[in-house]
Amino acid sequence: MLKKLLPLALAATLCLPAMADEASVKKAVEAKLGSKVSSVTKTSYLGLYEVYTDGQILYTDEKLTALFAGTLIDGKTMKNITSERMQKLTAIKFSDLPLELAVKQVRGDGKRMLATFEDPNCGYCKKLAKDLVKLDNVTIYTFLYPILSPDSLEKSKQIWCANDKAKAWNDWMINGTAPSGKGDCDTSAVQKTVEAGRKLAITGTPTIFFADGERVPGAVPIAQIEKKLEQAPSK
C-alpha cells in the first residue's frame, strides 16, 4: 500500500484523538498502512513527525491528518533534511557486508575502503568505474548486482568466472571489452549478492557504501568520493 503513495501525496483525513508522543504515532501509522514502521522521530518543522518505513521517509502530524512523501527543505539553510536523514537511517555496518562475494581491487596501501553494488549494463556504473580508476590507496569491493536485464546476469556470471575478476570487470566497464568467460563456474556468489542487496533495500545502481557505513545512491562526483574517503575510518 505504501508504494501507492504519490511522491508529494496527501493521504486520507482521519478522525483520531490527539497524540502526544512518537510511540503513539508509530502505532497509528502501522495500523493505517499495515506495514512495520522502523522509526518515528519528531522534527522541528511545523509539528511534523518523520516516519521511516519500507525504506522510505514519510511525514505526518500528531493526528495523522495527512501522510505525505517528499523532500523536506530547511527554509533558512536550504539544506535537504530528508536526504541527510536518509543517509543516517540507511547506514550499515561495513563489516556486515558479505565482502567475500565482491570483486576486490586494492590500489596503493589499500587503507581507504568503499563498496559498490553495480549492474554491468548500468550507464551510471560505467561512469563511476571510470572515475574510480583515479583513486589511489584504496580497497574497492564491487558487488555484481544484475537487476536490469537477463544480459546483466549473464555478464555478471562471465565476469565472476574470469581468471582475473577485477580485470574482466574493468575491461568491460571502462573499455567496453565484453567478458569472454563462459560463466560456467560456481556463480552462486552472484545470486547471494542479489539476495543481500534486496535485504539492504538497494533498488538502483550504483549504490556506494563507505567505511563508516554511509550509503550514497548514484554516481556521485569523484571529488565527493575523495572527500568522504578522507573522512571515513580506514582499515
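Computed values, structure above
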item: Given (1) touching a helix residue (DSSP H, G or I) at 6+ places or on another chain (Cβ under 7 Å); (2) of a type outside the set (A, V, I, L, M); (3) farther than 19 Å from Glu195 by Cα, number of the condition Lys79 does not satisfy; result: (1)
item: Residues (touching a Ser or Thr at 6+ places or on another chain (Cβ under 6 Å), within 18 Å of Ala211 (Cβ to Cβ) and not hydrophobic (A, V, I, L, M, F, W, C)) located in the range 119-154; result: Thr142
item: Tally, over the range 40-92, of residues that are of a type in the set (Lys, Arg), surrounded by 16 or more Cβ atoms within 10 Å (Cβ to Cβ) and not in a helix (DSSP H, G or I); result: 1
item: Criterion (outside any strand (DSSP E or B), closer than 20 Å to Asn80 by Cβ and at pLDDT below 95) met by exactly one of Ala9, Ala20; result: Ala9
item: The range 43-95, residues that are under 20 Å from Glu214 (Cα atoms) and among the charged types (D, E, K, R); result: Glu50, Asp54, Lys79, Glu84, Arg85, Lys88, Lys93
item: Cβ pairs under 9 Å, 6+ apart, first in the range 36-57 and touching a residue at least 40 places away in the same chain (Cβ under 8 Å), second assigned to a loop (DSSP other than H, G, I, E, B) and of a type in the set (Ser, Thr, Tyr); result: Thr53/Ser35; Asp54/Ser35; Gly55/Thr90; Gly55/Thr203
item: Complete set of residues in the range 107-132 that are surrounded by 14 or more Cβ atoms within 10 Å (Cβ to Cβ) and either free of Cβ contacts under 8 Å to residues at least 24 places away in the same chain or more than 21 Å from the chain's Cα centre (by Cα) (or both); result: Arg107, Gly110, Lys111
item: Top-ranked residue in the range 88-126 [being touching a helix residue (DSSP H, G or I) at 6+ places or on another chain (Cβ under 9 Å) and of a type in the set (Asp, Glu); ranked as nearest to Val220 (Cα to Cα)]; result: Glu118
item: The range 148-205, residues that are within 15 Å of Asn121 (Cα to Cα), of a type in the set (A, V, I, L, M), under 22 Å from the mean Cα position of the chain (by Cα) and assigned to a loop (DSSP other than H, G, I, E, B); result: Leu148
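The values are calculated or read from the model by the stated rules, or taken from the named source; none is laboratory data. Small disclaimer: the values here were computed from a predicted structure and weren't measured. Backbone-built Cβ (ideal geometry, glycine too); neighbour counts: all protein chains shown.
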